[in-house]
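Take a look at the structure below.
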(Lines give C-alpha, C1' and ligand atoms only; values in the text may rest on other atoms or scores of the structure.)
Protein backbone atom coordinates (compact mmCIF):
# COMPACT_ATOMS: atom_id res chain seq x y z
CA UNK A 1 0.00 0.00 0.00
CA UNK A 2 1.31 3.44 -0.93
CA UNK A 3 1.78 6.46 1.32
CA UNK A 4 0.40 9.96 0.82
CA UNK A 5 3.17 12.47 1.52
CA UNK A 6 2.83 16.18 2.29
CA UNK A 7 5.91 18.26 1.42
CA UNK A 8 5.93 21.67 3.12
CA UNK A 9 8.61 24.18 2.10
CA UNK A 10 8.41 27.77 0.89
CA UNK A 11 10.92 27.00 -1.85
CA UNK A 12 9.24 25.47 -4.89
CA UNK A 13 12.53 24.05 -6.13
CA UNK A 14 13.25 22.46 -2.74
CA UNK A 15 9.80 20.83 -2.80
CA UNK A 16 10.59 19.46 -6.27
CA UNK A 17 13.96 18.12 -5.10
CA UNK A 18 12.43 16.47 -2.02
CA UNK A 19 9.68 14.87 -4.14
CA UNK A 20 12.25 13.57 -6.59
CA UNK A 21 14.43 12.24 -3.76
CA UNK A 22 11.50 10.43 -2.16
CA UNK A 23 10.31 9.03 -5.51
CA UNK A 24 13.77 7.59 -6.12
CA UNK A 25 14.06 6.17 -2.61
CA UNK A 26 11.81 3.19 -3.29
CA UNK A 27 9.18 4.25 -0.76
CA UNK A 28 5.77 3.46 -2.29
CA UNK A 29 4.14 6.85 -2.86
CA UNK A 30 0.40 7.28 -3.44
CA UNK A 31 0.10 11.03 -3.85
CA UNK A 32 2.34 13.97 -3.16
CA UNK A 33 0.74 17.10 -1.74
CA UNK A 34 2.57 20.42 -1.49
CA UNK A 35 2.31 23.38 0.87
CA UNK A 36 4.38 26.57 0.97
CA UNK A 37 3.95 27.14 4.72
CA UNK A 38 2.35 25.75 7.87
CA UNK A 39 -1.04 27.36 7.19
CA UNK A 40 -1.32 25.75 3.78
CA UNK A 41 -0.20 22.44 5.30
CA UNK A 42 -2.95 22.57 7.94
CA UNK A 43 -5.55 23.33 5.24
CA UNK A 44 -4.44 20.24 3.30
CA UNK A 45 -4.41 18.11 6.45
CA UNK A 46 -7.99 19.17 7.22
CA UNK A 47 -9.32 17.63 4.03
CA UNK A 48 -6.82 15.03 2.83
CA UNK A 49 -5.48 11.73 4.13
CA UNK A 50 -1.76 12.22 4.74
CA UNK A 51 0.56 9.49 6.04
CA UNK A 52 3.74 11.48 6.60
CA UNK A 53 4.77 15.15 6.52
CA UNK A 54 8.18 16.39 5.36
CA UNK A 55 8.53 20.00 6.44
CA UNK A 56 10.94 22.90 6.50
CA UNK A 57 11.09 25.06 9.67
CA UNK A 58 11.95 28.51 8.36
CA UNK A 59 8.86 29.56 6.35
CA UNK A 60 6.72 32.71 6.10
CA UNK A 61 3.13 32.92 7.46
CA UNK A 62 3.52 29.86 9.68
CA UNK A 63 6.83 28.10 10.25
CA UNK A 64 7.46 24.41 10.80
CA UNK A 65 7.74 24.63 14.57
CA UNK A 66 4.29 26.21 14.87
CA UNK A 67 2.91 23.64 12.43
CA UNK A 68 4.31 20.84 14.60
CA UNK A 69 2.81 22.45 17.71
CA UNK A 70 -0.64 22.67 16.06
CA UNK A 71 -0.40 19.06 14.95
CA UNK A 72 0.68 17.87 18.39
CA UNK A 73 -2.38 19.59 19.91
CA UNK A 74 -4.80 17.83 17.57
CA UNK A 75 -5.93 14.36 18.60
CA UNK A 76 -6.13 13.02 15.02
CA UNK A 77 -3.27 14.90 13.39
CA UNK A 78 -0.74 14.02 16.10
CA UNK A 79 -0.71 10.44 14.77
CA UNK A 80 0.85 11.65 11.52
CA UNK A 81 4.66 11.54 11.73
CA UNK A 82 6.43 14.79 10.81
CA UNK A 83 10.03 14.93 9.65
CA UNK A 84 11.88 18.24 9.52
CA UNK A 85 14.18 18.88 6.56
CA UNK A 86 15.79 22.14 7.53
CA UNK A 87 18.82 24.37 7.76
CA UNK A 88 17.98 25.04 11.42
CA UNK A 89 20.79 22.91 12.77
CA UNK A 90 21.26 24.08 16.36
CA UNK A 91 20.91 21.58 19.21
CA UNK A 92 18.45 23.93 20.91
CA UNK A 93 16.11 23.88 17.90
CA UNK A 94 16.34 20.08 17.60
CA UNK A 95 15.58 19.69 21.30
CA UNK A 96 12.56 21.98 20.94
CA UNK A 97 11.34 19.84 18.03
CA UNK A 98 11.88 16.61 19.97
CA UNK A 99 9.80 17.95 22.85
CA UNK A 100 6.98 18.68 20.43
CA UNK A 101 7.12 15.12 19.12
CA UNK A 102 8.98 15.41 15.81
CA UNK A 103 9.53 11.99 14.21
CA UNK A 104 12.80 12.81 12.44
CA UNK A 105 15.26 15.56 11.63
CA UNK A 106 17.32 15.96 8.45
CA UNK A 107 19.74 18.87 8.13
CA UNK A 108 20.17 20.76 4.86
CA UNK A 109 22.42 20.30 2.97
CA UNK A 110 21.47 16.63 2.78
CA UNK A 111 22.48 13.55 0.87
CA UNK A 112 19.49 11.73 -0.71
CA UNK A 113 20.42 8.69 1.40
CA UNK A 114 19.69 10.68 4.57
CA UNK A 115 16.10 11.31 3.48
CA UNK A 116 15.64 7.69 2.46
CA UNK A 117 17.02 6.35 5.77
CA UNK A 118 14.92 8.59 8.01
CA UNK A 119 11.78 8.07 5.91
CA UNK A 120 12.05 4.27 6.14
CA UNK A 121 12.82 4.46 9.85
CA UNK A 122 9.79 6.65 10.54
CA UNK A 123 7.44 4.71 8.26
CA UNK A 124 8.52 1.38 9.76
CA UNK A 125 7.82 2.70 13.21
CA UNK A 126 4.42 4.12 12.31
CA UNK A 127 3.16 1.78 9.59
CA UNK A 128 5.21 -1.45 9.71
CA UNK A 129 2.24 -3.52 8.51
CA UNK A 130 1.81 -1.38 5.39
CA UNK A 131 5.46 -1.53 4.37
CA UNK A 132 5.28 -5.32 4.38
CA UNK A 133 2.50 -5.25 1.78
CA UNK A 134 3.39 -5.37 -1.91
CA UNK A 135 3.69 -1.82 -3.33
CA UNK A 136 1.17 -0.65 -5.95
CA UNK A 137 2.36 -1.14 -9.54
CA UNK A 138 2.37 2.58 -10.28
CA UNK A 139 4.38 3.44 -7.20
CA UNK A 140 6.96 0.70 -7.08
CA UNK A 141 9.93 2.45 -8.68
CA UNK A 142 13.26 0.82 -8.09
CA UNK A 143 15.65 2.62 -5.81
CA UNK A 144 18.43 4.53 -7.56
CA UNK A 145 20.53 4.88 -4.44
CA UNK B 1 35.73 40.26 8.77
CA UNK B 2 38.36 38.21 10.61
CA UNK B 3 40.22 35.29 9.09
CA UNK B 4 38.64 32.66 11.36
CA UNK B 5 35.16 33.70 10.24
CA UNK B 6 36.30 33.63 6.61
CA UNK B 7 37.58 30.08 7.06
CA UNK B 8 34.28 28.93 8.64
CA UNK B 9 32.33 30.62 5.84
CA UNK B 10 34.42 28.90 3.17
CA UNK B 11 34.12 25.45 4.80
CA UNK B 12 30.37 25.85 5.29
CA UNK B 13 29.59 27.21 1.84
CA UNK B 14 31.78 24.56 0.21
CA UNK B 15 29.82 21.81 1.95
CA UNK B 16 26.51 23.28 0.77
CA UNK B 17 27.63 23.80 -2.83
CA UNK B 18 29.32 20.43 -3.16
CA UNK B 19 26.57 18.40 -1.45
CA UNK B 20 23.56 20.02 -3.08
CA UNK B 21 24.85 21.35 -6.41
CA UNK B 22 28.06 19.41 -7.23
CA UNK B 23 29.76 22.82 -7.54
CA UNK B 24 33.23 23.50 -6.19
CA UNK B 25 34.21 26.81 -4.64
CA UNK B 26 37.72 28.21 -4.54
CA UNK B 27 38.36 31.20 -2.27
CA UNK B 28 39.62 34.21 -4.17
CA UNK B 29 42.06 36.39 -2.24
CA UNK B 30 42.23 39.24 -4.73
CA UNK B 31 39.44 40.73 -6.76
CA UNK B 32 39.85 40.91 -10.53
CA UNK B 33 40.86 44.31 -11.87
CA UNK B 34 38.09 46.88 -12.34
CA UNK B 35 38.58 46.73 -16.08
CA UNK B 36 37.58 43.04 -16.05
CA UNK B 37 34.33 43.71 -14.21
CA UNK B 38 31.65 44.64 -16.68
CA UNK B 39 27.89 44.77 -16.19
CA UNK B 40 26.04 41.51 -16.39
CA UNK B 41 22.94 39.65 -15.28
CA UNK B 42 23.19 38.69 -11.59
CA UNK B 43 20.88 37.29 -8.93
CA UNK B 44 21.01 39.01 -5.57
CA UNK B 45 19.95 36.86 -2.61
CA UNK B 46 19.79 38.24 0.90
CA UNK B 47 19.25 36.70 4.31
CA UNK B 48 19.82 37.82 7.89
CA UNK B 49 19.54 36.58 11.45
CA UNK B 50 18.95 38.25 14.77
CA UNK B 51 18.78 37.43 18.45
CA UNK B 52 21.81 36.28 20.44
CA UNK B 53 23.92 37.29 17.45
CA UNK B 54 23.10 39.39 14.41
CA UNK B 55 24.15 39.19 10.82
CA UNK B 56 23.21 39.91 7.27
CA UNK B 57 24.54 38.37 4.06
CA UNK B 58 24.15 39.37 0.43
CA UNK B 59 24.96 36.85 -2.29
CA UNK B 60 25.59 37.87 -5.90
CA UNK B 61 25.34 34.94 -8.31
CA UNK B 62 26.33 35.42 -11.96
CA UNK B 63 23.29 34.26 -13.96
CA UNK B 64 25.20 31.30 -15.45
CA UNK B 65 26.21 30.09 -11.98
CA UNK B 66 22.60 30.40 -10.78
CA UNK B 67 21.43 28.45 -13.81
CA UNK B 68 24.06 25.75 -13.34
CA UNK B 69 23.29 25.12 -9.67
CA UNK B 70 19.56 25.01 -10.48
CA UNK B 71 20.13 22.43 -13.21
CA UNK B 72 22.25 20.32 -10.85
CA UNK B 73 19.82 20.77 -7.95
CA UNK B 74 16.73 19.72 -9.91
CA UNK B 75 18.49 17.21 -12.13
CA UNK B 76 17.00 18.73 -15.29
CA UNK B 77 18.36 19.83 -18.66
CA UNK B 78 19.60 23.41 -19.06
CA UNK B 79 16.63 24.52 -21.12
CA UNK B 80 14.19 23.10 -18.57
CA UNK B 81 15.20 25.44 -15.71
CA UNK B 82 12.88 28.47 -15.62
CA UNK B 83 13.95 31.95 -14.52
CA UNK B 84 11.74 31.71 -11.43
CA UNK B 85 13.33 28.37 -10.47
CA UNK B 86 16.80 29.89 -10.88
CA UNK B 87 15.92 32.83 -8.62
CA UNK B 88 14.22 30.50 -6.11
CA UNK B 89 17.29 28.26 -6.02
CA UNK B 90 19.50 31.27 -5.28
CA UNK B 91 17.28 32.15 -2.31
CA UNK B 92 17.35 28.55 -1.07
CA UNK B 93 21.13 28.44 -1.47
CA UNK B 94 21.47 31.54 0.71
CA UNK B 95 19.12 29.92 3.20
CA UNK B 96 21.13 26.69 3.36
CA UNK B 97 24.51 28.43 3.44
CA UNK B 98 23.63 30.89 6.19
CA UNK B 99 21.47 28.39 8.11
CA UNK B 100 24.45 26.02 8.22
CA UNK B 101 26.80 28.87 9.13
CA UNK B 102 24.51 29.95 11.95
CA UNK B 103 24.48 26.39 13.30
CA UNK B 104 28.26 26.74 13.73
CA UNK B 105 28.40 30.35 14.95
CA UNK B 106 25.42 30.01 17.28
CA UNK B 107 25.18 26.35 18.38
CA UNK B 108 22.86 27.33 21.23
CA UNK B 109 20.26 28.50 18.73
CA UNK B 110 19.79 31.95 20.27
CA UNK B 111 19.43 33.68 16.90
CA UNK B 112 16.57 33.30 14.45
CA UNK B 113 17.06 33.10 10.70
CA UNK B 114 14.93 35.40 8.55
CA UNK B 115 13.22 34.37 5.32
CA UNK B 116 15.61 34.65 2.35
CA UNK B 117 14.78 36.90 -0.59
CA UNK B 118 16.17 36.91 -4.11
CA UNK B 119 15.79 39.13 -7.16
CA UNK B 120 17.20 39.45 -10.62
CA UNK B 121 19.59 42.33 -11.32
CA UNK B 122 19.49 42.84 -15.08
CA UNK B 123 22.56 45.10 -15.21
CA UNK B 124 24.92 44.78 -12.27
CA UNK B 125 28.64 45.34 -11.87
CA UNK B 126 30.43 43.69 -8.92
CA UNK B 127 32.74 46.72 -9.01
CA UNK B 128 30.28 48.32 -6.57
CA UNK B 129 31.16 45.59 -4.02
CA UNK B 130 34.92 46.01 -4.04
CA UNK B 131 34.98 48.49 -1.15
CA UNK B 132 32.69 46.40 1.11
CA UNK B 133 34.46 45.31 4.31
CA UNK B 134 32.79 41.90 4.62
CA UNK B 135 33.46 40.87 1.02
CA UNK B 136 34.22 37.20 0.26
CA UNK B 137 34.77 35.95 -3.29
CA UNK B 138 34.63 32.38 -4.51
CA UNK B 139 35.74 31.27 -7.91
CA UNK B 140 33.55 28.70 -9.66
CA UNK B 141 33.43 27.17 -13.11
CA UNK B 142 30.61 29.60 -13.94
CA UNK B 143 32.04 32.87 -12.64
CA UNK B 144 32.75 34.47 -9.29
CA UNK B 145 30.25 34.15 -6.45
CA UNK B 146 30.35 37.44 -4.52
CA UNK B 147 29.24 37.48 -0.87
CA UNK B 148 29.10 40.49 1.42
CA UNK B 149 28.39 39.68 5.04
CA UNK B 150 28.35 41.01 8.56
CA UNK B 151 28.28 39.03 11.80
CA UNK B 152 28.36 40.34 15.35
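The values are calculated or read from the model by the stated rules, or taken from the named source; none is laboratory data. Everything numeric here is computed off the predicted structure, so don't read it as measured data. Heads up, the Cβs are rebuilt from the backbone with ideal geometry, glycines too, and the neighbour counts pull from every protein chain shown.
Taking the stated definitions as given, is residue B:65 in a strand (DSSP E or B) and under 13 Å from the mean Cα position of the chain (by Cα)?
Details: in a strand (DSSP E or B): no; under 13 Å from the mean Cα position of the chain (by Cα): yes.
No, not satisfied.
Which of the residues belonging to segment B:58-89 are within 13 Å of chain A (Cβ to nearest Cβ), farther than 15 Å from residue B:18 by Cα and in contact with a strand residue (DSSP E or B) (Cβ under 8 Å, 6 or more places away or on another chain)?
Just the residues of segment B:58-89 that are within 13 Å of chain A (Cβ to nearest Cβ), to begin with: B:66-67, B:69-76, B:80-89.
Remaining after also requiring farther than 15 Å from residue B:18 by Cα: B:67, B:76, B:80-88.
Within segment B:58-89, B:83, B:86, B:87, B:88 meet the criteria.
With more than 10 Å from chain A (Cβ to nearest Cβ), in a helix (DSSP H, G or I) and touching a residue at least 24 places away in the same chain (Cβ under 8 Å) as the only criterion, which of B:123, B:92, B:44, B:127 stands out?
Working: B:123 fails: in a helix (DSSP H, G or I); B:92 fails: more than 10 Å from chain A (Cβ to nearest Cβ); B:44 fails: in a helix (DSSP H, G or I).
On inspection, the qualifying residue turns out to be B:127.
I need the full set of residues from segment B:96-120 which are closer than 14 Å to residue B:46 by Cα, part of a helix (DSSP H, G or I) and either within 7 Å of chain A (Cβ to nearest Cβ) or in contact with a helix residue (DSSP H, G or I) (Cβ under 8 Å, 6 or more places away or on another chain) (or both), in order please.
Passing the criteria: B:96, B:97, B:99.
Restricting attention to segment A:109-124, does a residue exist that is within 14 Å of chain B (Cβ to nearest Cβ), modelled with pLDDT of 95 or more and outside any loop (DSSP other than H, G, I, E, B)?
No; the residues of segment A:109-124 include none that is within 14 Å of chain B (Cβ to nearest Cβ), modelled with pLDDT of 95 or more and outside any loop (DSSP other than H, G, I, E, B).
Out of all the residues in segment A:38-47, is one or more touching a strand residue (DSSP E or B) at 6+ places or on another chain (Cβ under 6 Å), in a strand (DSSP E or B), modelled with pLDDT of 95 or more and buried (at least 22 other Cβ atoms within 10 Å of the Cβ)?
Looking through segment A:38-47, none of the residues is touching a strand residue (DSSP E or B) at 6+ places or on another chain (Cβ under 6 Å), in a strand (DSSP E or B), modelled with pLDDT of 95 or more and buried (at least 22 other Cβ atoms within 10 Å of the Cβ).
Filter segment B:75-89 down to the residues that are touching a residue at least 12 places away in the same chain (Cβ under 8 Å) and in a helix (DSSP H, G or I) and list them by number.
Those that are touching a residue at least 12 places away in the same chain (Cβ under 8 Å) and in a helix (DSSP H, G or I): B:83, B:85, B:86, B:87, B:88, B:89.
Can you spot a residue in segment A:28-47 that is touching a helix residue (DSSP H, G or I) at 6+ places or on another chain (Cβ under 6 Å) and in contact (Cβ under 8 Å) with a residue 60 or more places away in the chain?
yes
What residue, among those in segment A:56-106 that are part of a strand (DSSP E or B) and more than 14 Å from every other protein chain (Cβ to nearest Cβ), is modelled with the lowest pLDDT?
Looking at the filtered set, the residue picked out is A:104.
Sort out which residues of segment A:26-37 are at pLDDT 95 or above and part of a loop (DSSP other than H, G, I, E, B), and write them in order of number.
A:36, A:37
So in segment A:8-25, with the set limited to residues that are more than 10 Å from every other protein chain (Cβ to nearest Cβ) and not in a helix (DSSP H, G or I), which one is surrounded by the most Cβ atoms within 10 Å (Cβ to Cβ)?
My answer is A:8.
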